[in-house]
Amino acid sequence: MSVKRILHILKKELIQIRRDPMMIRLIFFAPIMQLFIFGYAITSDIEHVTTAILDMDNTSRSRELVSRFAASPRYFVLSYIYSPRDVDTLLDSGRAQMAITIPRGFASDISSGRTADVQVSIDGSDSKTASIIGNYANTVCAQYSQQIITERLMRSGGTSVSLPSVDLRIRAWYNPDLKSVNYLVPGVLCLILLVVTMMLTSLAIVREREIGTLEQIIVTPIKPLELMLGKVTPFAAIGMINVLTIVLAASLWFKVPIEGSVLLLFALTIIFLTASLGLGLLVSTVSRTQQQAMMVSFFIMQPSVLLSGFMFPLDAMPVAIQYLTYLIPLRYYLEIVRGIFLRGVGIEVLWPQALCLLGLGGALLAASVVRFNKKIG
């Protein structure tokens, strides 16, 4: 293997990138735009739940329950309706996410010691959001129910009543404020790096074939491995620059804490790049045109994102799919990045993920070289 020949291919790739101003803008500015768009748009925090209130009882007790929801303006934005038909209209049109119906006789049921019913209707189109909204409403109603029990016991047994209870105190480790941006922005870093490096690399060999220069390269003394290394090295450097830029933006703009070693993050990023670049090269060797390469890349990236744990927990997937995720490099890199950003863990914890990435990257690069050899033959 000749370093000189690799440097010649590297120089050639850099010249091609420099001659394409649009490509330069896409490489360096598009990832930053994507980070800001995804960082603000993708969130699992639920605030300002539009809530319709149908108070058919209209008593001090019913208004007291409504005031419990009104006291949480961060979660509930109330609008009052006066007909049961309005509940269906608001939920169907999407103008309300939740509707609370307090039936007639609510106050009399409480006064008589009977269970007082309250109906909560939630838009269940998004099951995850509906579950969280339901938990919010259940918490408010449970607190109000506890207040009623306390008042009744005080009236029956005097002014000093002590009710047994369980004092639940929740402490969230690694993300104490439970900000979804702290969890999602590191994932966006992984997603952007995969898209940029894989897409650029998948077009590398195909572009040479389309413009007719691949045959000229083949007849030179350069070996397939040297050609591959010369092709991927510029894109690896571009990937590292993107990582540096995104890490700075995540830390300085989004205020995402970096608890672990930044040097370890960059070292393990290089290992991930061997896998993503190898995957892009493999796509490039099996495609005849740039359009085919882009379609194959999209076919690979979509399941990679959905099955990597970027948005959906791996444990919730069927067992067969969980085994399939072990073949996805993005899964291991996500665990690495989030582990360094949020938990501050080191290589003593992340070495299995690093080892898996190294194995997948080596296998993908080897398969690319073998595939290119067959094409030469």
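The values are calculated or read from the model by the stated rules, or taken from the named source; none is laboratory data. Treat the numbers as computed from the prediction; the structure is a model and nothing was measured. Methodologically, a virtual Cβ is constructed for each residue, glycine included, from the backbone with ideal geometry; neighbour enumeration extends over all protein chains shown. All accessible areas refer to the heavy atoms of the entire protein, side chains included, with ligands and DNA or RNA removed. Shrake-Rupley method; radii C 1.70, N 1.55, O 1.52, S 1.80 Å.
A few remarks follow.
- Given (1) within 37 Å of the chain's Cα centre (by Cα); (2) not in a strand (DSSP E or B), number of the condition ARG85 does not satisfy: (1)
- One residue alone among LEU306, LEU314 is free of Cβ contacts under 8 Å to residues at least 40 places away in the same chain and open to solvent by 50 Å² or more (accessible area, probe 1.4 Å), and that residue is LEU306.
- Which numbered condition GLN322 fails, given (1) open to solvent by less than 20 Å² (accessible area, probe 1.4 Å); (2) without any contact (Cβ under 8 Å) to a residue 12 or more places away in the chain: (1)
- Answer from ILE32, ILE27 - the residue that is crowded, with 17+ Cβ neighbours inside 10 Å, within 25 Å of the chain's Cα centre (by Cα) and touching a residue at least 12 places away in the same chain (Cβ under 8 Å): ILE27
- Tally of residues being more than 23 Å from ASN182 (Cβ to Cβ) and either buried (at least 19 other Cβ atoms within 10 Å of the Cβ) or of a type outside the set (S, T, N, Q) (or both) across segment 35-73: 18
- Options LEU342, LEU355; residue that is open to solvent by 60 Å² or more (accessible area, probe 1.4 Å), of a type outside the set (Ser, Thr, Tyr) and either over 30 Å from VAL262 (Cβ atoms) or part of a helix (DSSP H, G or I) (or both): LEU355
- Output for segment 90-105, where each listed residue is over 23 Å from ILE46 (Cβ atoms) and open to solvent by 70 Å² or more (accessible area, probe 1.4 Å): ARG104
- For ARG331: the one exception among (1) within 26 Å of THR201 (Cα to Cα); (2) within 19 Å of the chain's Cα centre (by Cα); (3) surrounded by fewer than 14 Cβ atoms within 10 Å (Cβ to Cβ): (3)
Condition check ((1) in contact with a Gly (Cβ under 7 Å, 6 or more places away or on another chain); (2) over 25 Å from VAL243 (Cβ atoms); (3) not in a loop (DSSP other than H, G, I, E, B)) across all residues:
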position	(1), (2), (3)
LEU193	yes, no, yes
ILE205	no, no, yes
ILE217	no, yes, yes
PRO221	no, yes, no
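- Every pair of residues 6+ apart whose Cβ atoms lie under 8 Å, when the first sits in segment 1-21 and is free of Cβ contacts under 8 Å to residues at least 24 places away in the same chain while the second is assigned to a helix (DSSP H, G or I): ARG18/ILE24
- Annotation note: of SER162, SER156, SER131, the sole residue that is modelled with pLDDT under 75 and in a helix (DSSP H, G or I) is SER156.
- Scanning segment 212-234 for residues that are at pLDDT 80 or above and open to solvent by 10 Å² or more (accessible area, probe 1.4 Å) yields LEU229, VAL232, THR233.
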